[in-house]
Structure formats: structure tokens, C-alpha cells
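Each reported figure results from applying straightforward, stated rules to the coordinates on display, with no laboratory input. Since the structure is predicted, the reported quantities are computational estimates derived from the model, not experimental observations. Every residue, glycine as well, gets a Cβ built from its backbone with ideal geometry; the counts of neighbours run over all protein chains shown.
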Amino acid sequence: MTLAFAKPRDVTLHYHLRAGAPGARPVVFLNSLGTDFRIWEGVVDRLADMPVLMMDKRGHGLSDAGETSIATLARDAADLMDHLGLSDALICGVSVGGMIAQALVAARPDLVAGLVLCNTGAKIGDAEGWNTRIENVQTTGLDAMAEAILERWFSPTFHADKPADLAGYRNMLARTTTAGYTATCAAIRDADLSESTRKIAVPTLCIGGTEDPTTTPELVAALADLIPGATLTMIDDVGHLPCIEAPEVVADEIAALLKALE
Ligand SMILES: O=C(O)CC1=CCC(=O)O1
């Protein structure tokens, strides 16, 4: 995979663009808090022939940090798509990435043909919880909090069966900068997308995991209820990141939605 960077506005963004079959609809992936775009590789590998854009949102991976809100993160995705000449795409986001996808379709409907919203909501958590998390990261650091966060990211089965993977994803999380992580926590805290999300008019699939304590099955079901015509897939024995625990299911769902969009 080649490293690619662009600075369409105030920050440098790290991304990977894989060319696909001519005329095929692009799929854009937006990742979660404390992760970079490598979490999508298991899904992308299963979507041969599809043009694919993966990007590190600001404050994560190899992208710069900077002033952050969900609207700003959606604008970054739009800027990068404009820069790369992508439009009418299927946008697939997990957790805060799913919030960015909801904000993107509201701001730039021309860029979005359909949505796959994984383990997300129109609003995630409450101000008290996010303020406590920000304070803890600033005082103790992410490394000290990593085990508790990984408990939420992955199912008990993954914890038992994949200790090496767990250690690797722990590194990904713990190496996120305090500034990038806390700015994204504040962006999530300050966003309630309910009003714009209830007006989403593109085909939408919501995905959840039965073992996700953060964006619970109930929260994801409520999101699917909010969006006109949205469908819901709940994956058994999977936590907050189905792109890692069940990439074959996520890829199959994306492929099915792409087919329906033809
Ligand atoms: O770290 C977590 O608790 C999971 C999470 C919440 C928002 C997000 O993007 O990831």
C-alpha cells in the first residue's frame, strides 16, 4: 500500500485510494475513535474491483490534528473526495466514522449514494461521560486506559482467541495522540445529528454487534428506526468493531447494498 497525503484545507490528511473497475461505484471508509484506516483492511480485501478510499481523520493515524467538530470531520471527507474526483459513493463509517457519514450526507448529498452505518448513533453517549473520558486521558494518558477501552471494542470471544491481535490494536489505540483523541471526544460530545439524520434520503444499512456496550444494539436499532427505509443487521458475538471481528459480514453487506444501488 502506498502512502498518500493531501492538504485540501488546513490540515494534511493521510489516505489510501485503491483504483477499481472502470465505472464501479467508490466506497469510502471512515474510522472510529482511537483507530486509523487499517481497521478496514479485512473488509477492503474482500471487495475486489471496487474503488476504495480509506482516510485517517484529523488527529488520528498519520493525519494532522486541528480544530475538530463532526461538521469539520465531514468537511475533511468531502474535501478529500473533491480532491480525488470522487462522488456518488457508498460511505461506510464505524462509530464516530458513522456520525461523520451522517453529517456528510446532510452537507454534501451529491457525494453520497448510500450509507453503511456501523455501531453508531445520531448521538453517542452524554456530555458527562465524554468530559470524564477527556479528563482521564489528559491526566493518566491513553495507555493507562487502553484495557478498559479494548473491553468495549472487542467481544469476549475475540479477547480469548486473539491475544496477538488484541496487543496490536492496543498499540494502535495507545499511540493516538492525546490532542487528537480528546478533540474527537469533544466533537462526539457536542454532536446530536437527530434532526438531519431523520431526513436522510439515501439507501442506508445500519450494522451493530450484540456484544457492543458503547453503541448498543438498542442504540443502533434506534438509528435504523430514525432513518426512512433503513435496514438493520445485528451481528452475533461481535463488539464495537465488526470491520475487525466480522469483516466478511461487513463486506457482504456492502456488496449487497452496492448491487441494490446499480
Ligand atoms: O472507545 C470507545 O468507547 C468506542 C468509541 C466511541 C466512539 C468511537 O468512535 O469509538
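DSSP H helices in the chain with Cα extent of 20 Å or more along the helix axis and mean Kyte-Doolittle hydropathy at least 1.0?
Membrane-span-like by this criterion, though nothing is claimed about a membrane: 247-261.
Starting from the Kirkwood radius over alpha-carbon pairs of region 4-261, derive D by Stokes-Einstein at 10 °C in a medium of 1.306 mPa s and give it in µm² s⁻¹.
Working: Rh = 17.9 Å.
Using the Kirkwood radius from Cα pairs, D works out to 89 µm²/s.
Compute the label zone of M1 within region 236-253: residues whose backbone N is under 19 Å from the point 7 Å along Cα-to-Cβ.
241-252, by backbone N distance to the label point.
By counting other Cβ atoms within 10 Å of each Cβ, how are L90, L232 ranked from fewest to most? Before the final figure, lay out each step's value.
Values: L90 23, L232 18.
Ascending number of Cβ neighbours within 10 Å: L232, L90.
Take A107 and E128, extend 7 Å from each Cα along the Cα→Cβ direction, and tell me the distance between the two endpoints in nm.
3.1
Express in whole angstrom the spacing between the alpha-carbon centres of region 5-66 and region 112-132.
19
Among K259, K7, K123, rank each residue by its count of other Cβ atoms within 10 Å, from fewest to most, as a rough exposure measure.
K259, K7, K123
Can you work out the FRET efficiency for the pair R152 and T12, with r the C-beta to C-beta distance and R0 = 30 Å, to the nearest 0.05?
So, using R0 = 30 Å, E works out to roughly 0.50.
Separation between the R198 and R175 pseudo-spin-labels, each 7 Å from Cα along Cα→Cβ, expressed in nm?
Here the modelled spin labels are 4.4 nm apart.
Ordered by packing density, taken as the mean number of other Cβ atoms within 10 Å over each peptide's residues, highest first, how do 198-204, 162-168 rank?
Ranked by mean Cβ neighbours within 10 Å, highest first: 198-204, 162-168.
Quick one: order C206, C185 by neighbouring beta-carbon count within 10 Å, fewest to most.
Ordered by Cβ neighbours within 10 Å, fewest first: C185, C206.
Around I134, what is the net charge, scoring Lys/Arg as +1 and Asp/Glu as -1 over all other residues with Cβ under 15 Å from its Cβ?
After counting each charged neighbour, the total is -2.
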